[in-house]
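Written out below as C-alpha cells is the structure these notes cover.
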Amino acid sequence: MTKPAALKRHLPTSPFQARVVPDPKHFAVGDQVTHDMYGLGRVIGVEDGIAVLVDFGSAQERILSPYAKMTKL
C-alpha cells in the first residue's frame, strides 16, 4: 500500500496564489441529494467524515468522502 501524496506548502515568496482547500461537505439523515452517476436519493445513514449511505430507490449505495459527485438539494 502506498501513502497518499502530501500537499505542498505555499511559500510566501511564490508568485502563485495559495491553493484554496474547499470546506468538507456535511450531510444529515433525511437530506435529499443528487449524484452524477446514481441520480436522486435520500441520505439514510452518516459515518462522520468517512461515508454516507444513500437510498437511490432501486439501490442503496455507500458514498465515500469527499463526495465529489454528490450535492445536497
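Nothing in this text is a laboratory measurement; each read-out follows from the coordinates by a stated rule. Computed from a predicted structure; not experimentally measured. Neighbour counts are summed over all protein chains in view; Cβ atoms, including those assigned to glycine, are modelled from backbone coordinates with ideal geometry.
Just a few scattered comments:
- Here's the list of lysines a cross-link from Lys25 could span, going by alpha-carbon distance under 21 Å and ignoring same-chain residues fewer than 8 apart: Lys69, Lys72.
- Neighbour cut-off at most 11 other Cβ (10 Å), DSSP loop, chymotrypsin sites (Phe, Trp or Tyr not before Pro), the range 1-47: Phe16
- Excluding the site residues themselves, the longest part of the chain lacking any trypsin sites (Lys or Arg not before Pro) in a DSSP loop with at most 13 other Cβ atoms within 10 Å is 20-68.
- ³J(HN,Hα), Karplus 6.51/-1.76/1.60, whole Hz, each residue of the range 14-29, x for Gly, Pro: 5, x, 9, 6, 5, 5, 8, 8, x, 5, x, 7, 10, 10, 10, 4
- Virtual spin-label span in nm between Leu53 and Ala5, 7 Å along Cα→Cβ: 3.5 nm
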